[in-house]
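Here is the structure we will look at, set down as structure tokens.
The values are calculated or read from the model by the stated rules, or taken from the named source; none is laboratory data. Since the model is a prediction, treat every value here as computed from it, not as a measurement. All Cβ positions, even for glycine, are placed from backbone atoms using ideal geometry, and neighbour counts span all protein chains on display. What goes into the accessible areas is simple: the full protein's heavy atoms, side chains included, and nothing from ligands, DNA or RNA. Shrake-Rupley method; radii C 1.70, N 1.55, O 1.52, S 1.80 Å.
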Number of protein chains: 2
Amino acid sequence: MTELEQYLHSYFAFEREDLYKVAQLFRKSTLKKGDYYLQTGKICNKLSFIQSGMLRIFVSQEDREVTQWISTKGYFVTDLASLVFRTPGRWNMQALTDTELYTIEKADYDRIGELIPRWPETERLFIAHCFTIMEDRIFNLLSMTAEQRYNFFFEHNREIFNQVPLQYLASMLGMTPETISRIRRKQLS
Amino acid sequence: MTELEQYLHSYFAFEREDLYKVAQLFRKSTLKKGDYYLQTGKICNKLSFIQSGMLRIFVSQEDREVTQWISTKGYFVTDLASLVFRTPGRWNMQALTDTELYTIEKADYDRIGELIPRWPETERLFIAHCFTIMEDRIFNLLSMTAEQRYNFFFEHNREIFNQVPLQYLASMLGMTPETISRIRRKQLS
DNA sequence: AAAGCCACTTGACATATATCAAGAAATCAG
DNA sequence: CTGATTTCTTGATATATGTCAAGTGGCTTT
């Protein structure tokens, strides 16, 4: 199995043969640090798997940027609403570091069902899983203090914690960089 | 068309004949104020459409309850993660008022695809739509003040605003009832 | 009509977190 | 390696929001 096939395998319970067929539809590409994968207002025609590196998903407001999420090695990235409904993308997605991607174009993505009969069910499970992750995130934002959100995220995303600029981490957790800095100091003692 | 068919029609672009077939799978039922539709820890085997009334979706913590959402007339309700993955439900769902539902059992739900060839695609669009609503909600929680969240929700859900106990509204917006009360007073002047 | 129960409002005060500004540390470019 | 940016930390202070407690008013029950 190639590396991409292994990753696909970790998400989808495909037969080896199916894995190969789907993997064939992806093309490897790279982004330099600072390059945009997508920009607000453009329609998203692709879905990618992050092989290495990090992408920051954010919105630019008049006075500041709001980071929605940071995707790292092993995540899929796309603007789902734009990909599915052909609406203008709502997010900017920018490489925080040099990033290697495997990318499938929408036209090919839409044909996976022809290659793999079980695809609709597989995709359904995948999107439903993403949905429940969002539910949990909302619950955390509603019910936790800044420090609790920090700790929770730290527990669940140790690996990226010291690789992401603090200001972006802070924004995606709904707090300021100063607050994170103080939480860290407090937890040293 | 029956009322249920009209509602289904507003969500799904079905043929009239298909509407009828699907609508046949739903059974009308009612909940009295205070009755539970689901409870934390139980597996959810059904999906319902709210014909009238309101359900509150919440989690009980040691010291307080956190209201995740309030579903009203015209919403579908279920615990998606539990329905799809057969995991214990994470939410309580309780009727805030007497409530009329149209309910489909999981076994029937899973057979919709046999009745309607286009169902997988339709369901995919529906779940994707739900996903983007969650994305927006997270963005609002990350980027807005309490007052902005209140105003935003008010704009988008005028009809239920004066029917829901303040404490539940407050919780689902991530603030206290006192804060809502003060926002309201401020906005009178 | 009285009593009791809620839900809501209001005020006083507490606290978490934000803001602003300065300095320290890390990273980057030449 | 060195200076220039950028990012992080820290302190002082401000502000939004939470907490607690009391009071008001509206419903419901009898």
Checklist entry - Under the rule of -39500 (n - 2.57) per DSSP H run of 4 or more residues, summed and divided by the residues of the protein assembly as shown, what mean residue ellipticity at 222 nm is obtained, to the nearest 500 deg cm²/dmol? => result -13000 deg cm²/dmol
Next on the checklist: Sort B:R86, B:R137 by heavy-atom solvent-accessible area, probe 1.4 angstrom, most to least.
Outcome noted: B:R86, B:R137
Checklist outcome for this item: Measuring from its Cα centre, the protein assembly as shown shows a charge dipole (+1 at each Lys and Arg Cβ, -1 at each Asp and Glu Cβ) which, in debye to the nearest 20, is 940
Item to check | Burial ranking of peptide ranges B:157-167, A:126-136 (average Cβ count within 10 Å, highest at the top) | outcome: A:126-136, B:157-167
Item to check | segment B:26-110, accessible surface, carbon-and-sulfur percent (1.4 angstrom probe) | outcome: 51
Next on the checklist: Considering the Cα positions of chain B, please state its Rg to one decimal place and its Dmax as a whole number of Å.
Outcome noted: 17.8, 58
Item to check | Simple spin-label estimate for B:E65 and B:R158 in nanometres, 7 Å along Cα-Cβ | outcome: 2.9
Item to check | Protein accessible surface hidden between B and A, which excludes ligands and nucleic acids, total in Å², probe 1.4 Å | outcome: 3400
Checklist entry - According to a simple spin-label model (label point 7 Å from Cα along Cα-to-Cβ), what is the distance in nm between A:T30 and B:N151? => result 4.7
Checklist entry - Is segment A:26-110 best put as rounded, prolate or oblate by its Cα gyration tensor, with a ≥ b ≥ c the root eigenvalues, rounded for a/c under 1.5, and otherwise prolate when a/b is larger than b/c, oblate when not? => result oblate
Item to check | Neighbourhood charge, 10 Å Cβ-Cβ cut-off, centred on B:G89 and excluding it, Lys, Arg +1 and Asp, Glu -1 | outcome: +1
Item to check | Sequence-separation-based contact order of chain A, relative, with Cα cut under 8 Å and 6+ spacing, percent | outcome: 23
Next on the checklist: If you build the convex hull over the alpha carbons only and average its shadow over all orientations, what do you get for the protein assembly as shown? Give it in nm² to one decimal.
Outcome noted: 21.2
Next on the checklist: With just the Cα atoms defining each centre, how far is segment B:125-186 from segment B:1-36? Give it in Å.
Outcome noted: 27
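Rounded, prolate or oblate for segment B:105-189? Axes are the square roots of the Cα gyration tensor eigenvalues, ordered a ≥ b ≥ c, and the cut-off for rounded is a/c under 1.5.
Cα axes put segment B:105-189 in the prolate bin.
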Checklist entry - For A:R111, what is the net charge nearby, where nearby means another residue's Cβ is under 12 Å from its Cβ and Lys, Arg count +1, Asp, Glu -1? => result -2
Next on the checklist: Over the protein assembly as shown, with the other protein chains present, what is the accessible area per residue in square angstrom, probe 1.4 angstrom?
Outcome noted: 51
Next on the checklist: Using a loss threshold of 40 Å², tell me which positions in segment B:113-127 are less accessible in the complex than in their chain alone. Probe radius 1.4 Å, ligands and nucleic acids ignored.
Outcome noted: B:R124, B:L125, B:I127
Next on the checklist: Under 30 Å between alpha carbons: how many lysine pairs meet that in chain B, if sequence neighbours fewer than 8 apart on the same chain are excluded?
Outcome noted: 22
Next on the checklist: How big is the dipole moment of chain A about its Cα centre under a simple scheme where the beta carbon of each Lys and Arg is +1, that of each Asp and Glu is -1, and everything else is neutral? Debye, nearest 20, please.
Outcome noted: 500
